[in-house]
Amino acid sequence: MIDLSETYRRLARAWPDAELGARYAAANRRGEQLLSEAPDAVPERPIALLASAIPSAATLSVAIHVLHALPKGVRGNLIPDLLGSAETNAADALHRCHLALALDGLTHSYTADEWLPVIYDIARVLLESSRPDPEPPSLVRHVQDAVRWLSTSITCLDEDSREAATALADTLARLLVIGVFADEAHASD
């Protein structure tokens with residue numbers, strides 16, 4: 001049985017860049033695999049990539065909310081399913097957002113890799129301060145913020161704003177945090 005309090009305790013520690021980088025790379029590879037299996041063509045424009053991440057982000061949000069809302073006695077076999085859904089959808093959304101960042105970078109003379117330290121810095125702060133007891137719990141708030149930042153990213157790209165990369169970095173950091181949470185929760189199973 002997964003103990004959410006224990007998972008949060010394991011999140012609230014120092015996270016070196018190398019570890020965050022490895023987690024990010026693994027999620028990005030998983031998302032790439034999922035996208036390659038998708039029946040539709042991969043969108044070629046950053047806005048279209050972000051729009052295609054919305055279903056995964058919405059499903060991710062539902063999984064994290066339900067995971068935190070279920071009473072302990074009712075959780076049973078639902079927890080592994082919810083965590084699996086969170087892992088899969090976080091990886092899918094992360095990869096699509098990473099591709100959008102790379103495509104925007106081609107237009108604005110930067111690379112997605114240049115933003116990785118920023119993404120890791122944001123994720124580190126969020127992970128280290130994660131707690132189960134605020135209302136809503138930290139991860140519920142982070143998934144809400146990921147959806148909000150995804151929407152902001154779409155708006156920024158639509159307006160050709162130079163803030164698009166910053167919004168995407170915030171989105172990616174939160175998706176990374178949710179993926180790390182799901183990994184850590186599975187590890188306690």
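Coordinate-derived values only; no laboratory data. Predicted, not measured: the structure shown is a model, and the values here were computed from it. Note that each Cβ is placed from the backbone with ideal geometry, even for glycine, and that neighbours are counted across all protein chains shown.
Sorting 171, 111, 155, 7 by the number of Cβ atoms found within 10 Å of their own Cβ, with the fewest placed first, yields 111, 155, 7, 171.
When only alpha carbons are used to place a centre, the stretch 111-189 and the stretch 1-65 end up 9 Å from one another. Assuming a ≥ b ≥ c are the square roots of the Cα gyration tensor eigenvalues, decide whether the chain counts as rounded (a/c under 1.5), prolate (otherwise, with a/b larger than b/c) or oblate. The shape class here is prolate. When 68, 108 are sorted by how many other C-beta atoms sit within 10 angstrom of their C-beta, beginning with the fewest, the order is 108, 68. Which one of 123, 140, 16 has its Cα pushed farthest toward the positive end of the charge dipole of the stretch 4-187, where Lys and Arg give +1 and Asp and Glu give -1 at the Cβ? Result: 140. Each residue, residue 40 and residue 110, gets one label point 7 Å from its Cα in the Cβ direction; the gap between the two is 2.8 nm. A helix-only calculation puts the chain at -26000 deg cm²/dmol for mean residue ellipticity at 222 nm, using -39500 (n - 2.57) for each DSSP H run of at least four residues, averaged over all residues. Our estimate of slack between residue 25 and residue 162, defined as 0.36 nm per intervening residue step minus the Cα-Cα distance, is 46.8 nm.
For the stretch 4-187, the relative contact order is 35 percent, taking Cα pairs closer than 8 Å that sit 6 or more residues apart in sequence and dividing their mean separation by the residue count.
A crude spin-label estimate for the pair residue 68 and residue 144, with each label 7 Å from Cα along the Cβ direction, gives 0.7 nm.
Think of each Lys and Arg Cβ as +1 and each Asp and Glu Cβ as -1; about the Cα centre, that makes the dipole of the chain roughly 460 debye. Taken about its Cα centre, the stretch 77-189 carries a charge dipole of about 100 debye when Lys and Arg each add +1 at the Cβ and Asp and Glu each add -1 at the Cβ. Between residue 5 and residue 125, the modelled label-to-label distance comes to 2.9 nm, taking each label 7 Å out from Cα in the direction of the beta carbon. Arranged from fewest to most other beta-carbon atoms within 10 Å of their beta carbon, 127, 101, 11 become 11, 127, 101.
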